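Report on one structure; see the data block that follows.
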Amino acid sequence: SHAGESFSPHAAMMSTAVRNAEKSRTSTCSFADRVARASIQEYLRVTNKTRWESSMQTVLAAFLLHDSKDDSLLVVSLGTGTKIAAREYVLEDAEGRVVRDSHAEVLARRALQRYLYREIQKCEQDPDGSGSIFEFHNVSSRFVLRASLTLHLYTSSQPCGNATLKRWAKPNSSLRFEGELWENNEHPRILIQAREEGQVAVLVKKDPGAQRKADEGGHEGESKVTCSREGMLAPGTASAKSGLGHVMCCSDKIAKWNALGVQGALMSILAHPIFITSITVGRKFSRPHCLRAFCCRLQDFNASTFPV
């Protein structure tokens, strides 16, 4: 399930006029505010910046652990960024040392994986595992996240790709959840009626080189949704078949994490899948479009068909 919209850090930081997407808004639940506030405060702490110094346009993402025992929130990883490596640099990188995707959500997940590996090592070294977020599951001979812990994702702006296509659903700006910390209902199935238009399509981040050629050709910039023979394209993206990009969009990566877990293939040998319990989005939040992009377009995916 996904927590709703949180306040925008940029609106709180800037005293001058701000764009509509960056104005302060009412969150859909108080837990979303807690997640956003904790993430921003940790970012300001580790970067040693003030809110005013951090008012430049950027995207911040974070993974947090919530412990139901004491209702605590711990930020375990952070990432900022909006760039990807150009294809020519990737092709020259025979040893695989170039970080291809430097979008905030992806960097935060890379940092999360490092944190998880350290916690597995800590659990191995500690016989009772009391100092780790993991405990050893004797039946499966793999590590499992402690029962009181849940994982949550914060991103200060709508992730790129499918989530930014504000089509095929109507947003509900007055939606508010009370009582539970986060929404915990089963999502209704979505009606896939525009498959050819790109309703559930996988998109890639447009290669910087391809974008430069488009700009030189006099085409419009990256701020608008465009239409191609493959369907609707979100700003800065291209069809997976176009050859104009080689990196999956963040919406698609988050959908993959929701289906398979954030741990990755290698860690799956050591640990049970770790799933995101809620996603808090700041700027440009639209709940039905987030549900479609991050979760419900994979509504027929069956994880039990995959070997574990």
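Could you tell me whether segment 143-152 includes any residue that is in contact with a Phe, Trp or Tyr (Cβ under 8 Å, 6 or more places away or on another chain), farther than 30 Å from residue 41 by Cα and either surrounded by fewer than 17 Cβ atoms within 10 Å (Cβ to Cβ) or at pLDDT 90 or above (or both)? Yes, some residue in segment 143-152 is in contact with a Phe, Trp or Tyr (Cβ under 8 Å, 6 or more places away or on another chain), farther than 30 Å from residue 41 by Cα and either surrounded by fewer than 17 Cβ atoms within 10 Å (Cβ to Cβ) or at pLDDT 90 or above (or both).
Within segment 238-261, residues that are touching a residue at least 12 places away in the same chain (Cβ under 8 Å) and at negative phi sit with their Cβ atoms under 6 Å from residues that are open to solvent by 40 Å² or more (accessible area, probe 1.4 Å) and aromatic (Phe, Trp, Tyr), at 6+ positions apart or across chains, in these pairs: 259/301.
Summed over segment 79-136, the residues that are farther than 25 Å from residue 269 by Cβ, acidic (Asp, Glu) and open to solvent by less than 100 Å² (accessible area, probe 1.4 Å) give a count of 2. The single condition among (1) in contact with a strand residue (DSSP E or B) (Cβ under 6 Å, 6 or more places away or on another chain); (2) hydroxyl-bearing (Ser, Thr, Tyr); (3) open to solvent by 30 Å² or more (accessible area, probe 1.4 Å) that residue 164 does not meet is (1).
Among the residues of segment 276-308, which ones are closer than 19 Å to residue 165 by Cα and aliphatic (A, V, I, L, M)? Before you say what the answer is, go through the steps one by one.
Initially, segment 276-308 is screened for residues closer than 19 Å to residue 165 by Cα, giving 279-299.
Matches in segment 276-308: 279, 281, 291, 293, 298.
This table checks each residue for (1) at pLDDT below 95; (2) among the small types (Gly, Ala, Ser); (3) at negative phi.
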| site | (1), (2), (3) |
| --- | --- |
| 48 | yes, no, no |
| 54 | yes, yes, yes |
| 57 | yes, no, yes |
| 66 | no, no, yes |
| 76 | no, no, yes |
| 82 | yes, no, yes |
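Within this structure, residue 157 passes the test of being within 23 Å of residue 284 (Cα to Cα) and of a type in the set (S, T, N, Q). Identify the residue in segment 247-264 that is over 12 Å from residue 293 (Cα atoms) and open to solvent by 50 Å² or more (accessible area, probe 1.4 Å) and, among all such residues, is nearest to the chain's Cα centre (by Cα). If we take residues in segment 247-264 being over 12 Å from residue 293 (Cα atoms) and open to solvent by 50 Å² or more (accessible area, probe 1.4 Å), then 248 is nearest to the chain's Cα centre (by Cα).
Do you know which of the residues in segment 64-74 that are assigned to a strand (DSSP E or B) and open to solvent by 30 Å² or more (accessible area, probe 1.4 Å) is nearest to residue 34 (Cα to Cα)?
Of segment 64-74, the ones assigned to a strand (DSSP E or B) are 64-67, 72-74.
Subset that is open to solvent by 30 Å² or more (accessible area, probe 1.4 Å): 67, 72-74.
Numbers: 67: 13, 72: 10, 73: 8, 74: 11 Å.
Among those that are assigned to a strand (DSSP E or B) and open to solvent by 30 Å² or more (accessible area, probe 1.4 Å), it is 73.
The values are calculated or read from the model by the stated rules, or taken from the named source; none is laboratory data. What you are looking at is a predicted structure, and each value in this text was computed from that prediction instead of being measured. We place every Cβ from the backbone using ideal geometry, glycine too, and count neighbours over all the protein chains shown. With ligands, DNA and RNA removed, areas are computed over all heavy atoms of the protein, side chains included. Shrake-Rupley method; radii C 1.70, N 1.55, O 1.52, S 1.80 Å.
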